[in-house]
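The values are calculated or read from the model by the stated rules, or taken from the named source; none is laboratory data. The structure displayed is predicted, hence computed values, not measured ones. When we count neighbours, we look across all protein chains shown, and the Cβ atoms used for this are built from the backbone with ideal geometry, even at glycine. Side chains are part of the model used for accessible areas, which takes the heavy atoms of the whole protein and leaves out ligands, DNA and RNA. Shrake-Rupley method; radii C 1.70, N 1.55, O 1.52, S 1.80 Å.
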Amino acid sequence: QVQLVESGGGLVQAGGSLRLSCAASGRTFSGYAMGWFRQAPGKEREFVAAITWSGGITDYADSVKGRFTISRDNTKNTVYLQMNTLKPEDTAVYLCALRPRTNWRQSIYDYWGQGTQVTVSS
């Protein structure tokens, strides 16, 4: 079984930065793509970013492209999301996910973390 634990969320002013981490434990971290999603109150879960096992291919939602960077350190079983130039509309619970079953922009993954709150004040 795999467990994913996010950290790094918090309260930040608009224009600020945060770095989220997602640490994975268990045997099946190896070889799989990972994604970050977010969900704001009353809204559907939305894709933020994804990365292949090697880190050679990344993908971003248009709303975060140029501001967010996804990366991973497979020696630490950890994926990161560096978030810069944050905006109030980035406020949401951010969740990491492992092993997409279909297109990685769809929220159909085998494993999910519990999420970490990011709040951006104006």
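Percent of accessible area on the chain owned by carbon and sulfur, 1.4 Å probe?
It is 46 percent, rounded to a whole number.
What does the accessible area per residue of the chain come to in Å², with a 1.4 Å probe and no ligands, DNA or RNA counted? Before the final figure, lay out each step's value.
Values: 6220 Å² over 122 residues.
Accessible area per residue, the chain: 51 Å².
What's the FRET efficiency of SER25 with ILE57 using the Cβ-Cβ distance as r and R₀ = 35 Å, to the nearest 0.05?
On the way: r = 25 Å, r/R0 = 0.70.
So, using R0 = 35 Å, E works out to roughly 0.90.
Once amide H atoms are placed 1.01 Å from N in the peptide plane, what residues at a sequence separation of 5 or more from ARG72, or on another chain, have their amide H within under 5 Å of its amide H?
TYR80
Could you run the Karplus curve 6.51 cos²θ - 1.76 cosθ + 1.60 with θ = phi - 60° over segment 62-71 and give me ³J(HN,Hα) per residue in whole Hz, x for Gly and Pro?
In residue order, the calculated couplings are 4, 5, 10, 4, x, 10, 10, 9, 9, 8 Hz.
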